[in-house]
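The values are calculated or read from the model by the stated rules, or taken from the named source; none is laboratory data. The structure presented is a predicted model; accordingly, all values stated were derived computationally and were not measured. Note that each Cβ is placed from the backbone with ideal geometry, even for glycine, and that neighbours are counted across all protein chains shown. Just so you know, the surface numbers come from the protein's heavy atoms only, side chains and all, with ligands and any DNA or RNA stripped out. Shrake-Rupley method; radii C 1.70, N 1.55, O 1.52, S 1.80 Å.
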Amino acid sequence: MISPNPFTPQSGWEPKIFGGRNQELGVFESSLSDAANEKLSHLVVLGEWGAGKTSLLKQFRRISQEKGFPAAFCGISKFTEKNKALDAIHLIAEEMLMGFPKTEKVQKDLLELFSKRKSLSNPQMQFTKFLLELWRSLDTQLAVVLLDDTQNLIEISNTIDILRAVLSAEDVIKNARFLFVLSSTPAGWASFIDKHDPVGRFFKKRLNADNLKPAEVTATIDMTLKGTGVEFEESIKKNIFEYTGGHPYEVQLLASHLYDSQIEGVVNAGAWDSASNNTLKELGRDYFDFLLSKASDREKDLLSILAEEKRPLTIKDFTTMMIVGKRAKKFPIANIKNFLYRLEEKGLVKRMENGSFFIQDLMFGEFIAKFASE
(Lines give C-alpha, C1' and ligand atoms only; values in the text may rest on other atoms or scores of the structure.)
Protein backbone atom coordinates (compact mmCIF):
# COMPACT_ATOMS: atom_id res chain seq x y z
CA MET A 1 0.00 0.00 0.00
CA ILE A 2 1.47 3.35 -1.08
CA SER A 3 1.27 6.09 1.56
CA PRO A 4 0.17 9.67 0.78
CA ASN A 5 2.94 11.98 -0.37
CA PRO A 6 5.18 12.65 2.70
CA PHE A 7 7.09 15.62 1.28
CA THR A 8 6.05 19.10 2.41
CA PRO A 9 7.04 21.78 -0.10
CA GLN A 10 4.55 24.32 1.27
CA SER A 11 6.29 27.45 2.53
CA GLY A 12 6.41 27.55 6.31
CA TRP A 13 5.45 23.89 6.76
CA GLU A 14 7.78 21.77 8.82
CA PRO A 15 9.23 18.87 6.85
CA LYS A 16 8.35 15.38 8.03
CA ILE A 17 12.08 14.79 8.52
CA PHE A 18 14.35 17.65 9.55
CA GLY A 19 17.60 16.87 7.72
CA GLY A 20 21.08 18.14 8.47
CA ARG A 21 21.75 21.39 10.33
CA ASN A 22 23.70 19.62 13.09
CA GLN A 23 26.17 22.49 13.37
CA GLU A 24 23.40 25.10 13.58
CA LEU A 25 21.49 23.10 16.19
CA GLY A 26 24.69 22.72 18.19
CA VAL A 27 25.33 26.47 18.17
CA PHE A 28 21.78 27.11 19.36
CA GLU A 29 22.04 24.56 22.17
CA SER A 30 25.27 26.23 23.27
CA SER A 31 23.58 29.66 23.21
CA LEU A 32 20.68 28.21 25.19
CA SER A 33 23.02 26.84 27.84
CA ASP A 34 24.94 30.12 28.08
CA ALA A 35 21.70 32.11 28.36
CA ALA A 36 20.44 29.88 31.17
CA ASN A 37 23.68 30.70 32.99
CA GLU A 38 23.30 34.47 32.59
CA LYS A 39 25.43 34.81 29.45
CA LEU A 40 22.79 36.09 27.03
CA SER A 41 23.92 36.38 23.42
CA HIS A 42 21.01 36.97 21.08
CA LEU A 43 21.21 35.16 17.74
CA VAL A 44 20.51 35.98 14.08
CA VAL A 45 19.83 33.29 11.45
CA LEU A 46 20.54 34.42 7.89
CA GLY A 47 19.32 32.64 4.78
CA GLU A 48 17.85 33.29 1.35
CA TRP A 49 14.33 32.45 0.22
CA GLY A 50 13.43 28.82 0.91
CA ALA A 51 16.64 28.10 2.83
CA GLY A 52 14.72 26.61 5.73
CA LYS A 53 14.95 29.47 8.24
CA THR A 54 11.40 28.90 9.49
CA SER A 55 11.93 25.16 9.95
CA LEU A 56 15.20 25.83 11.77
CA LEU A 57 13.54 28.27 14.17
CA LYS A 58 10.80 25.73 14.87
CA GLN A 59 13.49 23.17 15.69
CA PHE A 60 14.95 25.73 18.10
CA ARG A 61 11.53 26.01 19.73
CA ARG A 62 11.31 22.23 20.10
CA ILE A 63 14.78 22.05 21.67
CA SER A 64 13.98 24.91 24.06
CA GLN A 65 10.77 23.30 25.24
CA GLU A 66 12.43 19.88 25.61
CA LYS A 67 14.89 21.53 27.99
CA GLY A 68 12.08 23.10 29.99
CA PHE A 69 12.31 26.64 28.62
CA PRO A 70 9.09 28.13 27.17
CA ALA A 71 9.48 29.44 23.60
CA ALA A 72 7.29 31.71 21.50
CA PHE A 73 7.45 31.62 17.69
CA CYS A 74 6.53 34.95 16.09
CA GLY A 75 6.03 35.17 12.32
CA ILE A 76 6.55 38.73 11.08
CA SER A 77 4.18 39.78 8.30
CA LYS A 78 5.17 42.42 5.77
CA PHE A 79 4.92 46.03 6.89
CA THR A 80 4.84 49.13 4.69
CA GLU A 81 5.96 52.73 5.07
CA LYS A 82 2.41 53.52 6.26
CA ASN A 83 3.01 51.49 9.41
CA LYS A 84 4.85 52.65 12.51
CA ALA A 85 7.31 50.84 14.75
CA LEU A 86 4.60 50.66 17.42
CA ASP A 87 2.49 48.50 15.05
CA ALA A 88 5.32 45.97 14.74
CA ILE A 89 6.18 46.02 18.45
CA HIS A 90 2.52 45.43 19.26
CA LEU A 91 2.41 42.45 16.85
CA ILE A 92 5.50 40.93 18.47
CA ALA A 93 3.95 41.38 21.93
CA GLU A 94 0.70 39.69 20.84
CA GLU A 95 2.60 36.78 19.28
CA MET A 96 4.63 36.35 22.45
CA LEU A 97 1.48 36.27 24.54
CA MET A 98 0.02 33.59 22.28
CA GLY A 99 3.23 31.53 22.43
CA PHE A 100 3.97 31.54 26.14
CA PRO A 101 1.90 29.65 28.74
CA LYS A 102 -0.26 31.94 30.89
CA THR A 103 -3.78 32.48 32.22
CA GLU A 104 -6.42 34.42 30.30
CA LYS A 105 -6.33 37.11 32.99
CA VAL A 106 -2.59 37.61 32.57
CA GLN A 107 -3.02 37.83 28.81
CA LYS A 108 -5.79 40.42 29.08
CA ASP A 109 -3.91 42.50 31.66
CA LEU A 110 -0.74 42.54 29.58
CA LEU A 111 -2.56 43.51 26.40
CA GLU A 112 -4.20 46.38 28.22
CA LEU A 113 -0.80 47.43 29.53
CA PHE A 114 0.62 47.32 26.01
CA SER A 115 -1.99 49.23 24.05
CA LYS A 116 -1.55 50.20 20.44
CA ARG A 117 -4.21 52.85 21.02
CA LYS A 118 -1.67 54.85 23.02
CA SER A 119 -0.46 56.37 19.79
CA LEU A 120 1.63 59.02 21.52
CA SER A 121 3.41 56.52 23.76
CA ASN A 122 7.04 55.63 23.19
CA PRO A 123 7.19 52.07 21.77
CA GLN A 124 10.53 51.48 23.50
CA MET A 125 9.07 52.31 26.91
CA GLN A 126 5.96 50.25 26.22
CA PHE A 127 7.89 47.17 25.16
CA THR A 128 10.30 47.44 28.10
CA LYS A 129 7.39 47.53 30.54
CA PHE A 130 5.67 44.69 28.68
CA LEU A 131 8.74 42.42 28.85
CA LEU A 132 9.19 43.03 32.56
CA GLU A 133 5.54 42.32 33.36
CA LEU A 134 5.50 39.25 31.11
CA TRP A 135 8.61 37.90 32.80
CA ARG A 136 6.96 38.17 36.21
CA SER A 137 4.10 35.99 34.94
CA LEU A 138 6.45 33.25 33.67
CA ASP A 139 7.78 30.63 36.06
CA THR A 140 11.02 29.83 34.27
CA GLN A 141 14.78 30.32 34.31
CA LEU A 142 14.81 31.40 30.67
CA ALA A 143 12.29 32.21 27.92
CA VAL A 144 13.05 32.08 24.18
CA VAL A 145 11.53 34.38 21.54
CA LEU A 146 11.88 33.41 17.86
CA LEU A 147 11.20 36.22 15.39
CA ASP A 148 10.88 34.86 11.84
CA ASP A 149 11.24 36.90 8.62
CA THR A 150 12.39 40.14 10.24
CA GLN A 151 13.32 41.44 6.77
CA ASN A 152 9.60 42.25 6.52
CA LEU A 153 10.30 45.14 8.91
CA ILE A 154 12.59 46.95 6.45
CA GLU A 155 10.09 49.77 5.87
CA ILE A 156 10.03 50.42 9.63
CA SER A 157 13.61 49.35 10.27
CA ASN A 158 13.83 51.28 13.54
CA THR A 159 11.77 48.42 15.04
CA ILE A 160 14.95 46.31 15.24
CA ASP A 161 16.84 49.20 16.83
CA ILE A 162 14.04 49.59 19.39
CA LEU A 163 14.34 45.87 20.16
CA ARG A 164 18.09 46.31 20.62
CA ALA A 165 17.56 49.26 22.96
CA VAL A 166 14.97 47.39 25.05
CA LEU A 167 17.15 44.29 25.42
CA SER A 168 20.05 46.57 26.39
CA ALA A 169 18.03 48.34 29.08
CA GLU A 170 19.42 47.83 32.59
CA ASP A 171 16.01 46.88 34.03
CA VAL A 172 15.54 44.16 31.41
CA ILE A 173 19.08 42.82 31.80
CA LYS A 174 18.77 42.62 35.59
CA ASN A 175 15.17 41.51 35.98
CA ALA A 176 14.30 39.33 32.96
CA ARG A 177 15.95 36.68 30.86
CA PHE A 178 14.64 36.46 27.30
CA LEU A 179 16.82 34.94 24.57
CA PHE A 180 15.84 36.40 21.18
CA VAL A 181 16.56 34.60 17.90
CA LEU A 182 15.87 36.55 14.70
CA SER A 183 15.79 35.24 11.14
CA SER A 184 16.27 37.36 8.05
CA THR A 185 17.47 37.34 4.48
CA PRO A 186 21.10 38.54 4.23
CA ALA A 187 20.05 41.62 2.23
CA GLY A 188 17.38 42.49 4.78
CA TRP A 189 19.81 42.23 7.67
CA ALA A 190 22.43 44.30 5.82
CA SER A 191 19.78 47.01 5.40
CA PHE A 192 19.15 47.13 9.16
CA ILE A 193 22.86 47.43 9.87
CA ASP A 194 23.31 50.17 7.25
CA LYS A 195 20.53 52.24 8.81
CA HIS A 196 21.16 51.45 12.48
CA ASP A 197 24.80 50.68 13.11
CA PRO A 198 24.37 49.57 16.79
CA VAL A 199 22.13 46.70 15.64
CA GLY A 200 25.06 44.86 14.07
CA ARG A 201 27.21 45.28 17.17
CA PHE A 202 24.44 44.06 19.47
CA PHE A 203 23.26 41.03 17.46
CA LYS A 204 26.78 39.75 16.82
CA LYS A 205 26.16 36.00 16.94
CA ARG A 206 25.00 34.82 13.51
CA LEU A 207 24.19 31.54 11.83
CA ASN A 208 23.91 30.94 8.09
CA ALA A 209 21.14 28.64 6.89
CA ASP A 210 23.15 27.28 3.96
CA ASN A 211 22.09 24.63 1.47
CA LEU A 212 22.19 20.99 2.55
CA LYS A 213 25.18 18.81 1.72
CA PRO A 214 24.82 15.76 -0.60
CA ALA A 215 24.76 13.26 2.28
CA GLU A 216 22.18 15.36 4.13
CA VAL A 217 19.90 15.46 1.08
CA THR A 218 20.15 11.69 0.60
CA ALA A 219 19.55 10.97 4.29
CA THR A 220 16.55 13.31 4.40
CA ILE A 221 14.96 11.67 1.36
CA ASP A 222 15.60 8.14 2.68
CA MET A 223 14.13 8.92 6.10
CA THR A 224 11.12 10.69 4.57
CA LEU A 225 10.40 7.70 2.30
CA LYS A 226 10.71 5.16 5.12
CA GLY A 227 7.51 3.14 5.47
CA THR A 228 5.78 4.80 2.49
CA GLY A 229 6.10 1.85 0.10
CA VAL A 230 8.01 4.07 -2.37
CA GLU A 231 11.71 4.11 -3.16
CA PHE A 232 13.82 6.46 -5.26
CA GLU A 233 16.59 4.91 -7.34
CA GLU A 234 20.08 6.05 -6.35
CA SER A 235 20.52 7.99 -9.60
CA ILE A 236 17.36 9.97 -8.81
CA LYS A 237 18.62 10.97 -5.35
CA LYS A 238 21.92 12.04 -6.86
CA ASN A 239 20.10 14.08 -9.51
CA ILE A 240 17.98 15.81 -6.86
CA PHE A 241 21.08 17.21 -5.19
CA GLU A 242 22.81 18.15 -8.45
CA TYR A 243 19.67 19.85 -9.73
CA THR A 244 18.81 21.78 -6.54
CA GLY A 245 22.26 22.28 -5.05
CA GLY A 246 20.76 21.16 -1.75
CA HIS A 247 18.32 24.09 -1.51
CA PRO A 248 15.86 22.80 1.16
CA TYR A 249 12.60 24.07 -0.37
CA GLU A 250 13.55 22.98 -3.87
CA VAL A 251 14.57 19.52 -2.58
CA GLN A 252 11.13 19.10 -0.97
CA LEU A 253 9.28 20.36 -4.06
CA LEU A 254 11.20 18.24 -6.58
CA ALA A 255 11.00 15.15 -4.36
CA SER A 256 7.26 15.71 -3.98
CA HIS A 257 6.72 15.77 -7.77
CA LEU A 258 8.93 12.70 -8.17
CA TYR A 259 6.98 10.85 -5.48
CA ASP A 260 3.74 11.56 -7.34
CA SER A 261 5.34 10.01 -10.45
CA GLN A 262 6.02 6.62 -8.84
CA ILE A 263 5.07 3.48 -10.76
CA GLU A 264 4.54 0.39 -8.62
CA GLY A 265 6.40 2.09 -5.78
CA VAL A 266 9.54 2.95 -7.78
CA VAL A 267 10.78 6.34 -9.00
CA ASN A 268 13.35 5.99 -11.78
CA ALA A 269 14.84 7.99 -14.64
CA GLY A 270 11.59 7.79 -16.59
CA ALA A 271 9.93 10.11 -14.07
CA TRP A 272 12.60 12.79 -14.17
CA ASP A 273 11.71 15.08 -17.10
CA SER A 274 8.05 15.51 -16.20
CA ALA A 275 8.73 15.98 -12.48
CA SER A 276 11.56 18.48 -13.04
CA ASN A 277 9.52 20.54 -15.51
CA ASN A 278 6.54 20.63 -13.15
CA THR A 279 8.88 21.70 -10.36
CA LEU A 280 10.31 24.55 -12.44
CA LYS A 281 6.84 25.76 -13.43
CA GLU A 282 5.71 25.74 -9.81
CA LEU A 283 8.85 27.58 -8.72
CA GLY A 284 8.10 30.09 -11.44
CA ARG A 285 4.67 30.78 -9.95
CA ASP A 286 6.06 30.77 -6.41
CA TYR A 287 9.10 32.99 -6.86
CA PHE A 288 11.12 32.85 -10.07
CA ASP A 289 8.70 34.94 -12.16
CA PHE A 290 8.97 37.67 -9.54
CA LEU A 291 12.76 37.44 -9.49
CA LEU A 292 12.99 37.65 -13.27
CA SER A 293 10.65 40.65 -13.37
CA LYS A 294 13.34 42.64 -11.52
CA ALA A 295 15.64 42.40 -14.57
CA SER A 296 15.53 44.71 -17.60
CA ASP A 297 15.46 43.23 -21.10
CA ARG A 298 19.22 43.79 -21.49
CA GLU A 299 19.87 42.18 -18.12
CA LYS A 300 17.70 39.22 -19.10
CA ASP A 301 19.93 38.70 -22.15
CA LEU A 302 22.92 38.31 -19.85
CA LEU A 303 21.00 36.03 -17.49
CA SER A 304 20.08 33.80 -20.43
CA ILE A 305 23.73 33.45 -21.39
CA LEU A 306 24.70 32.50 -17.83
CA ALA A 307 21.83 30.00 -17.68
CA GLU A 308 22.80 28.36 -20.96
CA GLU A 309 26.53 28.25 -20.19
CA LYS A 310 26.00 26.88 -16.65
CA ARG A 311 29.35 28.25 -15.51
CA PRO A 312 30.78 31.53 -14.15
CA LEU A 313 31.58 34.11 -16.82
CA THR A 314 33.76 37.23 -16.76
CA ILE A 315 32.90 40.57 -18.30
CA LYS A 316 35.39 39.74 -21.07
CA ASP A 317 33.56 36.45 -21.75
CA PHE A 318 30.30 38.31 -22.19
CA THR A 319 31.86 40.93 -24.43
CA THR A 320 33.37 38.27 -26.71
CA MET A 321 30.07 36.41 -26.99
CA MET A 322 28.27 39.60 -27.96
CA ILE A 323 30.73 40.28 -30.79
CA VAL A 324 31.31 36.84 -32.33
CA GLY A 325 29.60 33.47 -32.34
CA LYS A 326 25.98 32.37 -32.22
CA ARG A 327 25.04 35.05 -29.66
CA ALA A 328 26.51 38.00 -31.56
CA LYS A 329 23.90 40.76 -31.64
CA LYS A 330 23.48 44.50 -31.43
CA PHE A 331 24.21 45.14 -27.78
CA PRO A 332 25.71 48.10 -25.88
CA ILE A 333 28.99 46.31 -25.15
CA ALA A 334 30.34 49.18 -23.04
CA ASN A 335 27.42 48.78 -20.61
CA ILE A 336 27.84 45.06 -19.91
CA LYS A 337 29.72 45.78 -16.68
CA ASN A 338 26.93 48.07 -15.44
CA PHE A 339 24.25 45.53 -16.35
CA LEU A 340 26.05 42.79 -14.43
CA TYR A 341 26.58 45.00 -11.39
CA ARG A 342 22.88 45.85 -11.39
CA LEU A 343 22.01 42.15 -11.56
CA GLU A 344 24.26 41.63 -8.55
CA GLU A 345 22.57 44.47 -6.65
CA LYS A 346 19.18 42.91 -7.39
CA GLY A 347 20.34 39.57 -6.00
CA LEU A 348 19.99 37.75 -9.34
CA VAL A 349 23.65 36.88 -9.77
CA LYS A 350 26.71 36.52 -7.53
CA ARG A 351 30.21 37.78 -8.19
CA MET A 352 33.27 35.66 -7.43
CA GLU A 353 36.58 36.99 -6.14
CA ASN A 354 38.09 36.66 -9.63
CA GLY A 355 35.36 38.88 -11.06
CA SER A 356 33.28 36.12 -12.66
CA PHE A 357 29.50 36.18 -12.38
CA PHE A 358 27.17 33.22 -11.90
CA ILE A 359 23.57 32.34 -11.04
CA GLN A 360 23.73 30.95 -7.52
CA ASP A 361 20.39 29.13 -7.54
CA LEU A 362 20.84 26.27 -10.01
CA MET A 363 17.10 25.81 -10.55
CA PHE A 364 16.62 29.51 -11.22
CA GLY A 365 19.20 29.06 -13.98
CA GLU A 366 17.29 26.05 -15.32
CA PHE A 367 14.07 28.04 -15.21
CA ILE A 368 15.61 30.89 -17.23
CA ALA A 369 17.05 28.46 -19.78
CA LYS A 370 13.79 26.57 -20.29
CA PHE A 371 10.93 28.98 -19.66
CA ALA A 372 12.10 32.61 -19.48
CA SER A 373 11.55 33.20 -23.20
CA GLU A 374 8.05 31.68 -23.26
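Laid out as a table, the results:
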| item | result |
| --- | --- |
| Stretch gain in nm, segment residue 83-residue 294, where the contour uses 0.36 nm per residue and the Cα spacing is subtracted | 73.5 nm |
| Gaussian network model of the chain, Cα within-10 Å springs - most flexible of 70, 186, 332 | 332 |
| FRET efficiency for residue 30 and residue 274, using Cβ-Cβ distance with R0 set to 56 Å, rounded to 0.05 | 0.80 |
| Cα long-axis angle, helix 297-309 against the chain (0 to 90 degrees, to the nearest 10) | 70 |
| Exceeding the 18 Å Cα-Cα cut-off - candidates 226/281; 213/237; 53/281; 195/350; 53/237 | 226/281; 53/281; 195/350; 53/237 |
| Heavy-atom accessible surface of the chain: percent carbon and sulfur, 1.4 Å | 49 |
| For residue 182, residues with placed amide H under 5 Å, excluding near neighbours | 43, 44, 45, 147 |
| Gyration tensor verdict on the range 310-374 (Cα atoms; rounded if a/c is under 1.5, prolate if a/b is larger than b/c, oblate otherwise) | oblate |
| Residue among 309, 353, 282 with the largest mean-square fluctuation in a Gaussian network model of the chain, springs linking Cα atoms under 10 Å | 353 |
| Residue 345 paired with residue 170, simple spin-label distance in nm, labels 7 Å along Cα-to-beta-carbon | 4.5 |
| Calculated from backbone phi, Karplus (6.51, -1.76, 1.60) coupling profile of the range 340-350 in Hz, x at Gly/Pro | 5, 5, 5, 4, 5, 4, 7, x, 8, 9, 10 |
| Spacing of the two label points (7 Å from each Cα toward its C-beta) at residue 3 and residue 353, in nm | 4.5 |
| Built amide H within the under 5 Å cut-off of residue 16, gap 5+ | 8 |
| Per residue, the convex hull volume that the Cα atoms of the range 258-354 enclose (Å³) | 137 |
| R0 of 22 Å, Cβ-Cβ distance residue 371-residue 49: FRET efficiency to nearest 0.05 | 0.75 |
| Inverse of mean 1/r across different Cα pairs in the chain, Kirkwood, Å | 23.1 |
| Relative contact order for the range 215-356, counting Cα pairs under 8 Å that sit 6 or more residues apart, in percent | 16 |
| Antiparallel DSSP beta bridges within the chain, as percent of all bridges there, nearest 5 | 15 |
| Angle between the chain longest axis and helix 158-168 axis [Cα atoms, degrees, rounded to 10] | 50 |
| At most 11 other Cβ within 10 Å, DSSP loop - trypsin sites (Lys or Arg not before Pro), the range 17-95 | 39, 78, 82 |
| Overall form of the range 1-88 per C-alpha gyration tensor (a/c, 1.5; a/b vs b/c) | oblate |
| Heavy-atom surface of the chain, accessible at 1.4 Å and reported per residue (Å²) | 50 |
| Under Karplus coefficients 6.51, -1.76 and 1.60, residue-wise ³J(HN,Hα) of the range 72-85 in Hz, glycine/proline x | 10, 9, 10, x, 9, 7, 6, 9, 10, 5, 6, 7, 10, 4 |
| Cα long-axis angle, helix 22-36 against the chain (0 to 90 degrees, to the nearest 10) | 10 |
| Computed over the range 211-292: relative contact order in percent, which uses C-alpha pairs under 8 Å that are six or more apart | 30 |
| Rough spin-label spacing in nm, given labels placed 7 Å along Cα→Cβ, for residue 137 and residue 65 | 1.9 |
| Gained length - residue 16 relative to residue 204, 0.36 nm times residue gap less alpha-carbon distance | 64.5 nm |
